[in-house]
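Data first, discussion second: the structure below is written as structure tokens.
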Amino acid sequence: MEAMTRTALAWLLTYAIHSTVLLALAWLLSRWGRLSMHTLDFIWKLALVGGLLTSTLQLGFNVRPFGSFALEGARLPVASLVDRSSSIVPAAGSSHEQAKEHEPVVSGSTAMAPATPLVAAAATPTPAGSRRVGIELLLFAAWAVVALVLSLVYVARRLMLVGRLANRQHITEGSLPVMLDALRRAVGFRSHVALTSVNTISSPVALGLHEICVPEAALTELTSDEQRGLLAHELAHLARRDPVWLDVASLIERVFFFQPLNRLARQEIQRNAEFLCDDWAAERTGNGLPLAHCLARVAEWIEASPVGVPVAGMAEQRSLLVTRIARLIEGRRAEGRRASSPLSRVLTIATATVLLSAVVAAAPGVRRTHGPVSSSASIGSTTDEPTVRLSAALDEADEERHQDRREPTDADDPAVITALIARLKDADASVRRAAAGSLGNLRSKAAVPALIAAIDDANKDVRVAVCEALGHIGDARAVPSLTRLLTDASPEVRQHALDALDDFAEELTVQQILPSTQDARAETRAKAAELLGEIGDRDAIPTLQRLLSDASEDVRSTALESLCELKAVLSAPQIAALLSDASADVRHAALEYVKEQPTLGNVATIRKMVSDADEHVREAAIEALAELRSPEARTALREALNSSDPAVRRRAAEALGERP
């Protein structure tokens, strides 16, 4: 039992290492952005099951890469036994008389102590070894219990799904079976596919390897093209064997719960499956629009509660619906192979073999050592290697524990902050920049004085990092130094200093921000206009009015919004110019201003904006007319009822109903 437990723990630890390597590699490749979705789908599946194979092979063939270590068994303090045995067992070639000299002297009826009890005693593990065996058994039992419970929960949910589908009916008549059979023959799917329906699900699902189950609403509420897209999508799931893969991924996720990356792998596999099946269906049906319409319709059927387990369903992943519909409408497709040729299969198998072999040969693992010393071992051996190895292992563990105490991992530990502060004075600018960024991420106020001292660093990238750090920490002590950087020689520094001041409007004055309103960068001028509105000082109104004629539309719209916050009164020519601005954002901001100052609005001008090219401007024009409350405005609202834009007609009707 002890040997079996240690072997199982060694395999689990090796799996944890190997699966982390493979899944982390898959994650990095998925973030690279240069691999097709087909390739990423293969990589994630290989990474999910690869750890099971490599850990088994490494332990089975006793491969010991660099960095591997062993689970020590219960060892015996045999050194003392060796000394004792040397006084009992005669050396080879000695005479009987010499042997007798080594016999213990006894008195009375006491007999000579035989060798057998000594050997039996030698087989008794030490208390420390017994404790270690007990811990190993406890760990193994804990894993087994948790894995069993999670697996049973999954099985129970699968059985609940089976119960919901128990009353499904086979569809043998109508256009759907004919449509499905035509799709199946067109793509060379040889197996018969059963088509069923039931009223207890809201989304179509692919079941097993040969069945598609659809909600009853799909029979009556979808057009023929939408039904064809639905069937093609679910047939793609069967062709790719997605239901089986999702079952396997879900069980691996639960059995090996200690590996959180398995959940990520299962989610990525499920996500890629939906995208690839959408593309497959769009390609086979000739157009992605019917499938997009079908997805939108199915989304209306979905109930609040999902089926409870990952399934290959058309709309079970609700968070992906918007993205999938957008991809289909825009005609985006996943790049990849059109057909799987024998050569591509060979190359795929060869690539997978090479990768897994590399993991087996190079990834560290955990091996088990043999158990306690056997009772048949030579008691006369003079080696004390087991004791030395056990002692070394214990010493190493103690050293690791002491090392853990010497190196606190708490991000807020003063020692960490102190070390990073010291790096702000490093000779390498990249080190100073990194230290400032780390201090900002830690958000420790203890670092504020040191960051303020570093704000005049000769390197502009370091000054930028310091500004970002002070902005993240949010300490008002940094305001004077940050405002000083608003006139820095570097545009990037000026911009980041202004961004860092975003949360300190109450600490700022208009005079401090004025230089930024004349900055060469439009982004900086827009941010300055925003801050002037947040400061709330009406002394900023002349400057904001000047910015209404800025070359940047962002600056003009932001300045107008700030003027609205300050309740500044603009002249009729200014409002007319803003309502006719070339930028839709400025026109929209001008209408928002008119809503706050209705007495300054001009009905004739706003009436024209009901037909503006921008939909948001059109809707804002209706809202502005509703605020004017004049007969001319009501007439304009009635005219808007004939607009070609349904949103304008609806808002006009609402405005007429609300205003007497």
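Here are a few things to note about the model shown:
- Length released on extending from Leu209 to Ala576, taking residue separation times 0.36 nm less the Cα-Cα span: 125.4 nm
- Full extension of the chain between Leu29 and Asp426 gives 139.5 nm of extra length, using 0.36 nm per residue less the Cα-Cα distance.
- Sorting the segments 192-200, 221-229 by their residues' average number of neighbouring beta-carbon atoms within 10 angstrom, most packed first, yields 221-229, 192-200.
- Counted by neighbouring Cβ atoms within 10 Å, the residues Thr543, Thr220, Thr517, Thr558 run from fewest to most as Thr220, Thr543, Thr517, Thr558.
- Equivalent ellipsoid dimensions for the stretch 165-329 as semi-axes, Å, which come from the Cα gyration tensor, largest first: 25, 17, 16
- Estimated distance in nm for a label pair at Ala551 and Thr418, the labels positioned 7 Å out from Cα along Cα-to-Cβ: 5.3
- Likely footprinting exposure, Ile135, Ile252, fewest C-beta neighbours within 10 Å first: Ile135, Ile252
- Here r is the Cβ-Cβ distance between Ser68 and Leu289 and R0 is 56 Å; the resulting FRET efficiency, rounded to 0.05, is 0.50.
- Length added when fully stretched, Glu592-Glu615, from 0.36 nm per residue minus Cα-Cα: 6.8 nm
- Förster radius 35 Å - calculated FRET efficiency between Ala476 and Val569 (Cβ-Cβ, nearest 0.05): 0.55
- Extending 7 Å from the Cα toward the beta-carbon at both Glu506 and Glu330 defines two label points whose distance is 4.3 nm.
- Between the C-alpha center of the stretch 585-660 and that of the stretch 258-286 there is a gap of 46 Å.
- Normalised contact order of the stretch 165-329, rounded percent, pairs of Cα under 8 Å and 6 or more residues apart: 24
- Arg157 versus Leu641: modelled label distance in nm, points set 7 Å from Cα along the beta carbon direction: 5.3
- Viscosity 0.890 mPa s, 25 °C: Kirkwood-radius Stokes-Einstein D of the stretch 569-660 over Cα pairs, µm²/s: 193
- Cβ-based exposure ranking for Glu211, Glu639, in which fewest neighbours within 10 Å come first: Glu639, Glu211
Rule-based calculations on the coordinates, nothing more; no lab input. Because the structure is predicted, anything quoted here is derived from the model rather than measured. For neighbour counting, all protein chains shown are included, and Cβ atoms are generated from backbone atoms with ideal geometry for every residue, glycine included.
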